[in-house]
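Single-structure report; data block below.
Nothing in this text is a laboratory measurement; each read-out follows from the coordinates by a stated rule. Here the structure is a predicted model, which is why all the values come from computation and not from measurement. Backbone-built Cβ (ideal geometry, glycine too); neighbour counts: all protein chains shown.
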């Protein structure tokens, strides 16, 4: 048990080191194109809502790129059974997990901003149909992107 714990800690530290050395990676040309969430003219005067939509758009694109990076970088290990994974495979998985988490901070911040805005307006009773539609557009854009990723990589992994 102690050896397993030591190995896991070592893997985690190696993953952190590798991640810190590999930051600033460019966007792959084969990734899905960045999505654009249109901001209706009716809400352009609501700076807070515009900020929420723009932050959400940026976060969805970042999250999408992170998922695609894992799909490409991990193809060789993601199709393996657990018992077939080597130590190097496990190190690569740990590195990918750390990168994904550290690169997805924008998504967490955007989700919190989105939730705070919606709850605040709802509690104040001042949310209107146009604002609701804009918030719904963010949700639909996220769902659409996740479906696009699933479709793209379903064929990639199920050969």
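So here's what we get for this one:
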| item | result |
| --- | --- |
| Inter-site label distance for residue 144 and residue 102 at 7 Å from Cα along Cβ, in nm | 3.3 |
| Full-extension gain in nm, residue 35 to residue 81, via 0.36 nm per residue minus C-alpha separation | 13.2 nm |
| Sequence of 145, 27 once ranked by neighbouring C-beta atoms within 10 Å, starting from the fewest | 27, 145 |
| Cα convex hull of the stretch 62-159, projected area averaged across orientations, nm² | 7.8 |
| Inter-site label distance for residue 151 and residue 122 at 7 Å from Cα along Cβ, in nm | 3.0 |
| Neighbour-count order for 135, 85, fewest beta carbons within 10 angstrom listed first | 85, 135 |
| Length released on extending from residue 136 to residue 27, taking residue separation times 0.36 nm less the Cα-Cα span | 36.5 nm |
| Exposure proxy order (Cβ contacts within 10 Å, fewest to most) of 121, 133 | 133, 121 |
